[in-house]
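Notes to accompany the following structure.
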Amino acid sequence: MAKRKLKQPQKRRLAETPSDWRDTPATLTVQNPHAAGIDVHSDKHTVCVGPGLVREFGAYTADLHALVAYLRAAGVTTVALESTSIYWIPLYELLEAEGFDVALIEPGQLKHCGARPKTDVLDAQWIQRLHTYGLLRGSFRPPDDLLPLRAYWRQRQTLIRLAATHVQHMQKALEQMNVKLSEVLSDITGVTGMLIIAAILAGQRDPQELARLRQPQCAKSATEIATALEGTWREEHLFELKQAYDLFQCYQQRVSECDQQIAVALHALPDRAGRKTHTSQPRPRGRKKNDVRFEATGPLFHALGVDLTRIPGIDVATALVVLAEIGVDVAKFPTEKHFASWLGLCPRDGKSNQTTKKQAPRKGKNRLGQALRMAAQAVGRTQTVLGVFYRRIKSRIGGKGAVTATAHKLAVLIYRMLKHGTEYVAQGLEEYEARLKAQLTQSLRKKAQALGFELQPQAEAPPAS
């Protein structure tokens with residue numbers, strides 16, 4: 001048997017000049033000649049407008065205006081500043097309002113610079129130098145007209161999380177009194193639970209009287225609820241229950257106020273639907289307690305130009321997250337792959353020489369990515385094409401991978417609808433299953449041919465006599 005001839009590696013072509021190629025200095029092209037770099041802190045900002053031109057400013061409003069005047073006098077047109085906590089927000093908004101081209105730089109882009117001293121002056125100089133050569137990429141930030149909506153929605157989500165902690169406090173106080181309300185009700189903040197807790201705080205101790213507050217849709221009977229409401233009624237635990245109940249009601253009122261501001265911000269956005277008509281669809285499982293407390297489907301349709309709630313798993317809350325976090329212009333993401341990667345829904349390729357290794361998706365707290373993951377879990381329980389896809393992937397790689405893959409599909413659908421302005425067209429479930437069956441049959445036929453067999457369909461059994 002002849003030996004296989006190994007392929008010889010190609011020799012690197014050396015420079016044809018007489019001097020060694022190592023002696024040729026590397027050069028970079030200046031992309032932003034009028035660039036400045038700012039190192040942001042809570043009490044001061046270090047500004048560099050050129051080699052050796054560094055100056056420090058305070059963080060007060062008067063200092064920010066002085067900083068803007070200094071940049072104008074230096075002829076700066078574009079500014080790169082590091083996103084340090086939330087200290088960059090006032091400076092960013094002021095620079096953007098004054099007409100500067102502002103690039104918000106995450107700290108991860110600045111740390112890969114080798115061993116160098118770490119000072120505020122050197123950081124500002126390094127930011128300015130990298131931005132001059134166009135080596136920094138600005139982070140995504142939605143348009144200014146969407147910032148109020150995003151602020152109201154994020155505040156609403158914060159209030160809901162804070163209210164959830166007081167629900168746990170109510171459960172703890174009830175359990176300490178041996179009142180097993182959580183065992184007979186799936187949600188103590190429902191109509192029945194809140195009526196019973198309000199009656200307990202009003203002085204009612206009779207379990208039979210408390211059980212009469214049961215709503216007809218409760219799964220447990222009045223007798224079972226009365227048995228669970230025989231408690232010890234200690235004063236200190238009743239005090240804890242009252243404070244947790246009052247705080248929960250207070251947060252619910254604050255959530256309602258946020259909903260009012262969200263409705264105003266939605267109606268202030270321009271109408272992108274044009275002459276398109278919209279027909280609202282009722283929610284299959286009814287309204288949830290954390291849903292917005294106004295009719296938002298119509299205003300969302302006019303603000304987005306498309307109805308994202310037509311996609312299985314995308315409800316009004318998820319569509320509001322899409323509008324608040326990215327808006328309607330997805331032009332900053334060249335392709336749907338860039339968009340899904342920004343959301344943290346794509347595996348990373350770790351390449352080394354000729355080897356490519358799949359890695360876990362990028363970690364981060366992208367709010368839209370988290371909302372799409374939750375939507376993927378919901379759509380996995382539906383009898384839709386996306387639900388079949390979720391269950392098929394789950395059987396192969398598990399639930400975590402199925403959530404990411406389904407969320408990626410949702411992100412692609414959202415990107416296409418926003419970019420092209422087209423409505424979602426649902427694929428038939430029977431058509432999708434037939435296509436999967438055809439693909440599986442073709443795969444089995446190829447495997448059989450590779451092993452020297454022929455795949456034949458099974459003959460139908462004769463009808464029974």
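The values are calculated or read from the model by the stated rules, or taken from the named source; none is laboratory data. Quick caveat: nothing in here was measured; it's all calculated off a predicted structure. Every residue, glycine as well, gets a Cβ built from its backbone with ideal geometry; the counts of neighbours run over all protein chains shown.
The table below gives the values:
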item: From Pro117, Pro142, residue being at pLDDT below 90, loosely packed, with under 14 Cβ neighbours inside 10 Å and not basic (Lys, Arg); result: Pro117
item: Test for Ala80: is it among the aliphatic types (A, V, I, L, M) and modelled with pLDDT of 90 or more; result: yes
item: Where a residue in the range 317-343 is over 14 Å from Phe140 (Cα atoms) and its partner, wherever it lies, is among the charged types (D, E, K, R) and in a helix (DSSP H, G or I), with Cβ under 7 Å and at least six apart; result: Val321/Arg367; Glu336/Arg416
item: Residues that are surrounded by 15 or more Cβ atoms within 10 Å (Cβ to Cβ), among the aliphatic types (A, V, I, L, M) and in a loop (DSSP other than H, G, I, E, B), drawn from the range 187-210; result: Ile188
item: Residue match in the range 423-436 (condition: assigned to a helix (DSSP H, G or I), closer than 30 Å to Pro334 by Cβ and at pLDDT 85 or above); result: no
item: Residue within the range 215-231 that is in a loop (DSSP other than H, G, I, E, B), surrounded by fewer than 12 Cβ atoms within 10 Å (Cβ to Cβ) and free of Cβ contacts under 8 Å to residues at least 12 places away in the same chain present; result: yes
item: Those residues of the range 411-421 which are in contact with a helix residue (DSSP H, G or I) (Cβ under 7 Å, 6 or more places away or on another chain) and not in a helix (DSSP H, G or I), in sequence order; result: none
item: From Val412, Val425, Val388, Val379, residue being without any contact (Cβ under 8 Å) to a residue 60 or more places away in the chain and closer than 28 Å to Gly305 by Cβ; result: Val425
item: Some residue of the range 302-322 being basic (Lys, Arg) and part of a helix (DSSP H, G or I); result: yes
item: Lone unmet requirement of (1) without any contact (Cβ under 8 Å) to a residue 40 or more places away in the chain; (2) assigned by TED's automatic domain parsing to the domain that holds Val102 for Trp126; result: (1)
